[in-house]
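Readers should treat all values here as calculations from the given coordinates under stated rules, not as data from a laboratory. All figures in this text were calculated on a predicted structure; none of them were measured in a lab. No Cβ is skipped: glycine too gets one built from the backbone with ideal geometry, and neighbour counts run over all protein chains shown.
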Amino acid sequence: MCGIAGIVNIHPKTRHASAIRLMTNRIAHRGPDAEGVYVDDQVALGHRRLSIIDLSAEANQPMWDYSGRYALVFNGEIYNYKEVRALLKDYPFRTHSDSEVVIAAYATWGPKGLEHLNGMFGFAIWDQKEAVLFAARDRVGKKPFFYHVSASQLLFCSEVRGLLASGMMDGKLDESQLDEFFKYQAAQHDHTLVKGIRRLPAGHYLLLKDGQLTMEQYWGYHHLRPSADDLAQARRQVKDLFMDSIRLRMVSDVPVGAFLSGGIDSSLVVACMAEQSTSPVHTFTISFDEKQYDESTYAKVIADRYRTDHHLIRVRPESFLESLDDILASMDIPSGDGPNTFLVSKFTREAGVKVALSGLGGDELFAGYNKFIMYYKLMSWAWVQNIPVSLRGNLLRALSARMKNHRLEKLAELSSLPNWNISTVYPVLRQSYSDQDLRSLLNLPVPVDGVKAHLAATTKDLAWMGRLSQCTVGEMETYTRDVLLRDTDQMSMAHALEVRAPFFDYRLIEYVLSLPDEIKYPHQPKQLLVDALAPRLPLEITSRKKMGFTLPIDQWLRKELAQLTSEKLQYLAGRKEFNGQYIMDTWKHFREGDPRVLWSRIWKLIVVSDWLQRNNL
């Protein structure tokens, strides 16, 4: 796990020694253990290293292959690097690192080497002989890869601010992406909130050759097929895949711990780690004085059951307020989430742990959110689509206005859709601002919804899937990749902590997507997962009401954070892109307790305000 940066000259040839140093200095928090730079008149490569596997200096980067042809800068981990290395019998390895396995795989198989790699990564390989840049991002999008192309250079980096620090591009807000940020907590697909900065899409690689940039997808859903397994076979396969995913993610030359919330997903991660570990697992739990948010008693049940070395982290409003500036400063990209990961990562790293496993992904794969059931049921009510659209939504809109009920507003919007499929229903289930809200918030035209367009393009590939699998794809293509994994990366790497997510092993994802609804339908919370790994969890964990890993920010905004919130919203209200009166009215309604104004809306406004100011955009 590291930070990478690079500059490739298209024309003319020149050296960029100072610019590459500016970029690596800006992402130094990602890799405090070593720094490396290579510069010639064609390319500049930079690396900041967080040493996890093969701690020797020989594994530092940029790393050249034995022939001196290929140079690598790599961010991430290849969990199965030992298995891949065993296939490369003729390659003269000089280190025991997973990084050298990446460069050997490319030197041997070219882009097809990606098919052998199980891990999280964003990397670039410079072919000195052919003057070609090859770059790739992992299948799910766990690790970031941002780039900027001009007529003279291609720049790439693990963070947006690294690109901006180069001094080789202008930093300007991309106003056209604001609507998708407020809807979905992120600019979508390959876009960012900065003009000219793009993301390499997950499961893709790019080539820069002779000044031409091309991009190819190497992993997606189109190659998946339905499974013929029955329930008993599915349980066995889920168990085997998950246990192997845990095994791979415990490979490390430094201490490995786990985030433990006390929910099903993190509890199963800890349980399976304990089975495969020869020493007590280090577990970390956040607790609060606000009991409705506190899950520490459930976490202790698991910690005691599996005899972990348990660390309880008490977070109070004053400690959160003290950390808030650091939390906001850690957001390379604005986010509607992330403070919880920042705090647990901070204390985990301070305890001497460099790698932590997380329960991320259990809800997305095994239908753990209410929206899965809602989507399933909506798609079962085909008869509703025979009712005129105007009649469907009018009654619900009137009720929601009278009752000030956010859920009724959402249901009214769903009822007003002319037809129901994954590309129309899922975006409404996930978005936190409707088009009507955005017309009030932004002094900008509301463009075509990128999520709807992207999911519509995948409809043919998903047609055979069950409804729950379709909803999982909706999650994977929006919230999971662009919010959940992005926040985990930027908030954990702020403390140079590597977070690994066993549920996002691509083999497990592919298998669970292939299963029919009748095997996965959650009559109890995530029943297939729980039954597959029974009896590892006690009933008090599997049957309790879902809480989610969240902070009591809604309460703190009205009290301890009220002054700061007012200041941030006033700044935003003064910008031309926003309707200032709407922002201040929303803040007023929130403080008065209007249930339709969720705390998450206020938090997004705070985050964007701070990010615009901090980056002078």
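Just to confirm the filter: which trypsin sites (Lys or Arg not before Pro) across segment 464-493 are DSSP coil and have at most 11 other Cβ within 10 angstrom of their Cβ? Before the final figure, lay out the partial values.
On the way: sites: 467, 481, 486; in loops: none.
Here no trypsin sites (Lys or Arg not before Pro) fit, given the DSSP loop and packing criteria.
Taking amide H as placed 1.01 Å from N in the peptide plane, the amide H of residue 262 sits under 5 Å from that of 267, each at least 5 places away or on another chain. Classify the chain as rounded, prolate or oblate from the Cα gyration tensor: take a ≥ b ≥ c as the square roots of its eigenvalues, call it rounded if a/c is under 1.5, otherwise prolate when a/b beats b/c and oblate if not. Here the chain falls in the rounded category.
Among the chymotrypsin sites (Phe, Trp or Tyr not before Pro) within segment 454-558, which fall in a DSSP loop and have no more than 14 other Cβ atoms within 10 Å of their own Cβ? Don't jump to the answer; show the numbers that get you there.
Values: sites: 464, 479, 503, 504, 506, 511, 549, 556; in loops: 464, 549.
Qualifying residues, ordered by number: 464.
Taking every DSSP beta bridge that has both ends in the chain, the antiparallel portion is near 75%. Would you mind estimating how fast segment 554-614 diffuses translationally, via Stokes-Einstein at 25 °C and 0.890 mPa s with the Kirkwood radius over Cα pairs, in µm²/s? Once the numbers are plugged in, D ends up at 214 µm²/s.
Using packing as a proxy for protection, rank 519-532, 86-99 so that the peptide with the highest average count of other Cβ atoms within 10 Å comes first.
Details: 519-532: 18.6, 86-99: 15.4.
Descending packing order for the listed peptides: 519-532, 86-99.
Only helices at least 24 Å long along their own axis, judged from Cα atoms, and with Kyte-Doolittle mean hydropathy of -0.5 or greater: name those in the chain from DSSP H. Each step should come with its number before you reach the end.
Working: long enough: 231-249 (27 Å, -0.44).
Counting only whole DSSP H runs, the qualifying helices are 231-249.
Within straight cross-link reach of residue 13, meaning Cα distance under 17 Å, which lysines are found once same-chain residues fewer than 8 apart are removed? Filter leaves 129, 209. Sparse packing (at most 12 other Cβ atoms within 10 Å of the Cβ) combined with a DSSP loop state is found for the following GluC sites (Glu not before Pro) in segment 541-617: 592.
Take every Cα pair under 8 Å whose residues are at least 6 apart in sequence, average their separation, divide by the length of the chain, and the relative contact order is 15 percent. Per-residue 3J(HN,Hα) values for segment 210-221, derived from phi via the Karplus relation 6.51 cos²θ - 1.76 cosθ + 1.60 with θ = phi - 60°, read 6, x, 9, 9, 10, 9, 9, 8, 10, 8, x, 9 Hz in sequence order (x marks Gly and Pro).
Over segment 2-217, the alpha carbon radius of gyration divided by the compact-protein estimate 2.2 N^0.38 Å works out to 0.97. The residue among 602, 187, 288 whose Cα reaches farthest toward the positive pole of the charge dipole of the chain, with charges on the beta-carbon of Lys, Arg, Asp and Glu, is 602.
Once backbone amide H atoms are built at 1.01 Å from N, residue 442 has 579 as its partners under 5 Å, excluding neighbours fewer than 5 places away on the same chain. On a 22 Å Cα-Cα criterion, which of the cross-link pairs 142/291; 371/452; 82/520; 112/354; 195/604; 239/520 come out too long? Long pairs (Cα-Cα over 22 Å): 142/291; 82/520; 112/354. Residue separation of residue 216 and residue 40 scaled by 0.36 nm, minus their Cα-Cα distance, works out to 60.6 nm of gained length.
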